[in-house]
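Structure, as structure tokens:
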Amino acid sequence: QVQLVESGGGLVQPGGSLRLSCAASGSIRTIRTMDWYRQAPGKQRELVAGSASDDSTNYADSVKGRFTISRGNAKNTVYLQMNNLKPEDTAVYYCRITNLLNVYWGQGTQVTVSS
């Protein structure tokens, strides 16, 4: 059973940076998308950034210019570099990896932006 493990969350002051990492415990064949989602208290889970198999990326309007998604040199790893963090970025962040047959989710990592 493949598991996704996120790391890199924590408490940061407004304007600070964090880098989230997501690694799969096993091999995932023919990856289609590698994405980051987030869910704030009382809100629906939303797509933050996505990376497709053709290396195209897309971002939520609220994070454009501040967040960058990238794939690692090792297969089945994806990162989210978050700069100029704002209190409204506070949420649990989840990575998601899809292939033709499956959708894999991580357990989430808490990001709190507060002074």
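The values are calculated or read from the model by the stated rules, or taken from the named source; none is laboratory data. Quantities reported herein were computed from a predicted structural model and do not represent experimental measurements. Methodologically, a virtual Cβ is constructed for each residue, glycine included, from the backbone with ideal geometry; neighbour enumeration extends over all protein chains shown. To get the accessible areas, we keep the full protein, side chains included, count just its heavy atoms, and leave off ligands, DNA and RNA. Shrake-Rupley method; radii C 1.70, N 1.55, O 1.52, S 1.80 Å.
Evaluated with a Cβ-only charge set (Lys, Arg +1; Asp, Glu -1), the chain carries a dipole of roughly 120 debye about its Cα centre, given to the nearest 20.
Carbon-plus-sulfur accessible fraction, region 1-83 (probe radius 1.4 Å, protein heavy atoms only): 43%. On full extension, the segment bounded by K43 and Q81 gains 11.4 nm, given 0.36 nm per residue less the C-alpha separation. Positive end of the dipole of the chain (Cβ unit charges, origin at the Cα centre): among A74, C22, Y59, the Cα lying farthest that way belongs to A74. The C-alpha radius of gyration of the chain, expressed as a fraction of 2.2 N^0.38 Å, stands at 1.01. Packing here is the average count of other Cβ atoms within 10 Å per residue, and on that basis the peptides 22-34, 54-66, 79-91, highest first, run 79-91, 22-34, 54-66. Note on K75: aspartates and glutamates with a C-alpha under 18 Å away, same-chain residues under 8 apart excluded, are E6, D35, D54, D55. Short-range pairs are left out: with C-alpha atoms under 8 Å and at least six residues apart, the relative contact order of the chain is 37 percent. For the residues V12, V103, V78, a GNM of the chain with alpha-carbon springs under 10 Å puts the largest fluctuation on V103. Cross-link partners for K64 among the lysines, with Cα-Cα distance under 16 Å and sequence neighbours closer than 8 places in the same chain left out: K86. For the chain, modelled as a GNM whose springs connect Cα atoms under 10 angstrom apart, the maximal fluctuation among L11, L100, L47 occurs at L100.
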